[in-house]
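Visitor: Questions regarding the structure given below will be posed in turn.
The values are calculated or read from the model by the stated rules, or taken from the named source; none is laboratory data. None of the values given here were measured: they were computed from a predicted structure. Cβ atoms come from the backbone with ideal geometry, glycine included; neighbour counts cover every protein chain shown. These area figures cover heavy atoms from the full protein model, side chains too; ligands, DNA and RNA do not enter into them. Shrake-Rupley method; radii C 1.70, N 1.55, O 1.52, S 1.80 Å.
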Amino acid sequence: MTGDARAPVPVHQLRATAQPGGMSRALFWLDTDAGPAALAASCQLGRYRLRNFTFFGHAAVGAAVPGLLGRLGSGWHPAEQIFDSAGVPRAAVWRDSDGNVFLPFDPAEVMQQFWSESYQQVGHSPIALRGRAAAVRGYYLMRPVLPRRLQLRLRRAYTQVQERASFPDWPAEESLHDLYRWLFGLLAELAGQPVPFIGEWPDGRSWALVLTHDVETDAGYRSLGLLREPERQLGYRSSWNFVPLRYKVAEETVSKLREEGCEVGVHGLLHDGHDLGSRRLLAKRLPAMREYADRWQAVGFRSPATQRKWEWMPALGFDYDSSYSDTDPYEPQPGGCCSYLPYFNESMVELPITMPQDHTLFAILQNADADVWLRKAEFLRERQGMALVLTHPDYAVDPRAANGYRSLLSRFHDDRTVWHALPREVAAWWRERDSSVIRGGGDGWHIEGPAARSGRIRFGYAGGAARGRDTADADGTRLSAFAADRTWRADLQ
Ligand SMILES: [Zn+2]
C-alpha cells in the first residue's frame, strides 16, 4: 500500500483478499505522488493508448520494469501492450507467474490529467502553448469591438483549426470512462468476485438530466421566457446563471425563479474576458462575486466563456463549479475533462457541461435541428452519465435553438429512468456519495454514511472493458479514492 523500499521507484500495491481456497493476488502500479523528479528516467510523460482508450501520464517504458519491481513477485512478463501516440509499442501491463499485475502508470495521475485538462500540455512545447494562450487573449481583447458577424466568422475559422486536434473526440470522448471500466474489470478479476461500488445516481435513477442557462446580456435577461416557458409547460426546473454587473438583475426575478423551484448561480462579474483573466484581477473581483452569491443564495459558479484554471476554481468559494466541458473543441478555451460524471477539484464539486452548447450547434455549426443533442443525450443515458445542458436565452431568438431545446425537453420529460436534478442537488448528492462507504461481503453488501438512504449498490465485473448497460461504468471518484487513501482494500473485503 505504500512505496516499497526495495523498489527503485515508488510502487503502490493493492492486495485483494484471498478467496477461500484461492490465492491472494495483488495489483501494483507506479506511484507518481512524489512528483516527476522522483521518477526514474525510464518513466516517460506521454500520450499512450491501451486497448480502446487514450491516456496521458508517466509510464514505465520497456524492459526496465522487472528491475523496478525488485523482488515483488517473480516471472514478470509483458501481458498487454501500450502504444505511444505514433502507434509504437512503448510499455506494457505486466503479469507475474502468480497472477499479480503491474500497471506501468499511475491511475490517480492519469485521472488528474483528464479532470484538470493538464494533458493538453503533454507533448507540446512551452512556446506553442504560449502562442495559443496569446491567441485566446487576443480574441477576448478584440471581441467587444468586433461586429457580431465578424466574431462568428472568426470563431468558425478558428473552429476549422481546432477540428484538427485529434483529442478529445467530439461530441463524445470515451477514453476516461473506458479506463474506469477496464480498471474495475481488472480489480474484479484479481478479487475473483464482482467489485461493489455506490451507484452513480440516487433513488434507483440510472442517469441525470441537468438544465442550466447562462444569461449573457440584458437582451437575454429580458428573454428568459423563451427557454423558461417550455420548461414550465413540461414541469422542468433549471438553473440560471446571471452576470452581476453587466445588466441589472431584479430581486423579483431571482425570487420568482426560486419560488418555481429553480436555482440561481453566478456567471462571473462583468463577463468581459477578465473575470478570470489574471490572479490579480480575480482577487480584485472575487469579493463582489461573493457578495452577489450571498444575495442570490447562489452556491454554483459558471465562468464566462468557460474560462478556467484548475488551481483557481476551488478558491472561488462555491459549492460547485460548472465551467469544464467533457469535450468542447469550439470554445475560445478549447479542451475537455472527458468526464460525463461529476468529480472533485479539492473540496469543490465540478459538474462538467456534457452536452454541446446551443451556440456551438446552431450559430457556429449551423445545425438545423436537435439531432446532435438527442443523440448525445441517448449516449449519456445508455452509459448512466450526467447530461448537463447549457443554453442561453440570448441565442433562443434563433428558432432552431428554441425548437431544438423544446425537442430535447419533450424527449425526456416522462422518462422514468432519469433524475431531473438541479446542479446544486447533484453536487450535494455527489458529496453524500463520496463520504459513504460499502461494507459487508458474503451474504450481502450495504452502504454506510449519508448515501445509505438513497444510494444503491452496483458491481464491476471481470472483463469490464466491454460496454453495455450491465457493465459497470464506475467513476473515478471511487477509483481515485482507492489510489489516494487505499480504501479499496476495505471495499474488496
Ligand atoms: Zn456567458
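Visitor: Which of the numbered conditions does ALA315 fail, given that it passes all the others? Conditions: (1) within 16 Å of the ligand (Cβ to nearest atom); (2) of a type in the set (A, V, I, L, M); (3) free of Cβ contacts under 8 Å to residues at least 40 places away in the same chain; (4) open to solvent by 40 Å² or more (accessible area, probe 1.4 Å).
Guide: Unmet for ALA315, out of (1) within 16 Å of the ligand (Cβ to nearest atom); (2) of a type in the set (A, V, I, L, M); (3) free of Cβ contacts under 8 Å to residues at least 40 places away in the same chain; (4) open to solvent by 40 Å² or more (accessible area, probe 1.4 Å): (1).
Visitor: Also, quick follow-up: Could you count how many residues in the range 49-82 are open to solvent by 70 Å² or more (accessible area, probe 1.4 Å) and either at positive phi or under 27 Å from the mean Cα position of the chain (by Cα) (or both)?
Guide: So the first thing to find is which residues in the range 49-82 are open to solvent by 70 Å² or more (accessible area, probe 1.4 Å), and the list is 49, 51, 63, 71, 77-78, 81.
Checking which are either at positive phi or under 27 Å from the mean Cα position of the chain (by Cα) (or both) leaves us with 49, 51, 81.
Adding up the residues that qualify gives 3.
Visitor: For the range 362-456, list the helices (runs of 4 or more DSSP H) that sit wholly inside it and hold at least 3 residues that are open to solvent by 10 Å² or more (accessible area, probe 1.4 Å) and closer than 20 Å to ASP214 by Cα; which are they?
Guide: Filter on the range 362-456 gives 399-412.
Visitor: If you don't mind, there's one more thing I want to ask. Any chance the range 396-417 includes a residue that's at pLDDT 95 or above and within 19 Å of the chain's Cα centre (by Cα)?
Guide: No, every residue in the range 396-417 fails to be at pLDDT 95 or above and within 19 Å of the chain's Cα centre (by Cα).
Visitor: Still on this structure: Which of the residues spanning the range 191-207 are farther than 30 Å from GLU425 by Cβ and open to solvent by less than 10 Å² (accessible area, probe 1.4 Å)?
Guide: ALA191
Visitor: Name the residue that is farthest from TRP419 (Cα to Cα), counting only residues in the range 332-356 that are surrounded by fewer than 22 Cβ atoms within 10 Å (Cβ to Cβ) and either among the acidic types (Asp, Glu) or free of Cβ contacts under 8 Å to residues at least 40 places away in the same chain (or both).
Guide: GLU346
Visitor: Being of a type in the set (D, E, K, R) and in contact with a Lys or Arg (Cβ under 9 Å, 6 or more places away or on another chain) is the filter here, so list the residues in the range 285-328 that pass it.
Guide: LYS309, ASP319, ASP321 - these are the residues of the range 285-328 that are of a type in the set (D, E, K, R) and in contact with a Lys or Arg (Cβ under 9 Å, 6 or more places away or on another chain).
Visitor: Here is a further query. Scan the range 250-279 and report the pairs whose first residue is more than 15 Å from the ligand (Cβ to nearest atom) and whose second residue is part of a loop (DSSP other than H, G, I, E, B) and among the basic types (Lys, Arg), with Cβ atoms within less than 8 Å and a gap of 6+ or a chain change.
Guide: Cβ pairs passing all conditions: GLU260/ARG237; GLY261/ARG237; CYS262/ARG237; GLU263/ARG237.
Visitor: Taking the range 217-233 on its own, how many of its residues are closer than 11 Å to THR391 by Cβ and within 12 Å of the ligand (Cβ to nearest atom)?
Guide: Number of matching residues: 1.
Visitor: Further question: Restricting to the range 302-312, and then to whatever is open to solvent by 10 Å² or more (accessible area, probe 1.4 Å) and in a loop (DSSP other than H, G, I, E, B), can you tell me which residue is nearest to ASP394 (Cα to Cα)?
Guide: Of everything passing the filter in the range 302-312, GLN307 is nearest to ASP394 (Cα to Cα).
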